Amino acid sequence: MVFDRIVLLFNSYWGFELKHKHILKYMSRYYTSDMDKISPVESDSEYDNSVWFFWDDLSKINPLVERCIRQAKKYSGRNVILVSNDNVDKFVDIPEHIWKKYKKGLISKAHYSDYVRTCIMEKYGGVYMDSTVLQVSQFPDKWFDTKFFTVNVDGLPYSNSCVSRGKRSVFFFACKKHNPLMIESKKVLCNYWKCESKPVDYLLMDYAWELCYLKNNEIKSMLDAVPKSSLNYYTLLYNPDLLQSKSTLESYKEFLKDLNVCFLKISATGLKKIKKEDNCLLDSIIKYEV
């Protein structure tokens, strides 16, 4: 494939720009010809506008994920639903080609989660949060008064390495059901996995969103209208060593007060490199309801 010849690890701004250009060209060549022809059928459901999490294997759920779900139930004011391999077919239909490639290991858990969240949010709307997003206060009502909300920040470290450049986050977003970005990115991902057996990049969903942004004026206007957010949402994502710092309930609460955000994204990958010790920040996060 063309992208097999792309050097993915560039250190310069123009190197990343070249990478993004080649990947978008590759994906556009195959997946954008009839994206505007989808006409969703409106239907009401008890699951509309819920808060959604995905965890593939409930037998392997970890204490941090359990804490994140409990925090969401405390603050969200909405129905909180954990989707897994055991119940996904209760909510959405997964195409056979995607399910088979996932079971064979050709589609990773992360990329399967990308597709599932897209289907869920297209059908029901609400809020999608990664399973390591820790909610610590109520969401602002204004986030749900617009067509689409996501974390949009300036100044992220190495932001040019991601095609969204910090303007969008696939780990947290809110929208109404049948949102055009969900409709079109669902089709992009579905068609991609019909033809491919490996991702062009780990951030495949980010590229799908960017492709829709470039190809559809309605989506472009919608995403351009997303307000700027605080960099503090990323504090623990980009500083995972903080999770090993000494902590008590009081210092944990003070830490959250200083950040002044309603949730924090924690790196699932970074957690694998951290040794949880008693009385560290990660220990406080898992033990204490805040």
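The values are calculated or read from the model by the stated rules, or taken from the named source; none is laboratory data. Everything quoted here is computed from the prediction, not taken from an experiment. Glycine also receives a Cβ, built like all others from the backbone with ideal geometry; neighbour counts cover every protein chain displayed.
For the reader, a short list of remarks on this structure follows.
- Flag if SER59 is within 19 Å of ILE286 (Cα to Cα) and either touching a Leu at 6+ places or on another chain (Cβ under 6 Å) or assigned to a helix (DSSP H, G or I) (or both): yes
- Residue in the stretch 129-147 that is at pLDDT 95 or above, polar (S, T, N, Q), in the same structural domain as LYS177 (by TED's automatic domain parsing) and closer than 15 Å to PHE91 by Cα present: no
- Of residues in the stretch 209-251 being loosely packed, with under 13 Cβ neighbours inside 10 Å and of a type in the set (Asp, Glu), the one nearest to the chain's Cα centre (by Cα): ASP224
- So TYR192, is it over 16 Å from the mean Cα position of the chain (by Cα), in the same structural domain as ASN49 (by TED's automatic domain parsing), part of a helix (DSSP H, G or I) and hydroxyl-bearing (Ser, Thr, Tyr): yes
- One residue from LYS90, LYS100, LYS74 being more than 18 Å from the chain's Cα centre (by Cα), basic (Lys, Arg) and over 20 Å from CYS119 (Cα atoms): LYS74
- Segments classed as helices (runs of 4 or more DSSP H), wholly inside the stretch 76-181, with at least 1 members that are touching a strand residue (DSSP E or B) at 6+ places or on another chain (Cβ under 7 Å): 88-91, 109-124
- Single residue of the stretch 120-179 satisfying the filter (among the acidic types (Asp, Glu) and touching a residue at least 24 places away in the same chain (Cβ under 8 Å)) that is farthest from LEU18 (Cα to Cα): GLU122
- Here ASP48 does not qualify as in the same structural domain as ASP130 (by TED's automatic domain parsing), in a loop (DSSP other than H, G, I, E, B) and at pLDDT 95 or above.
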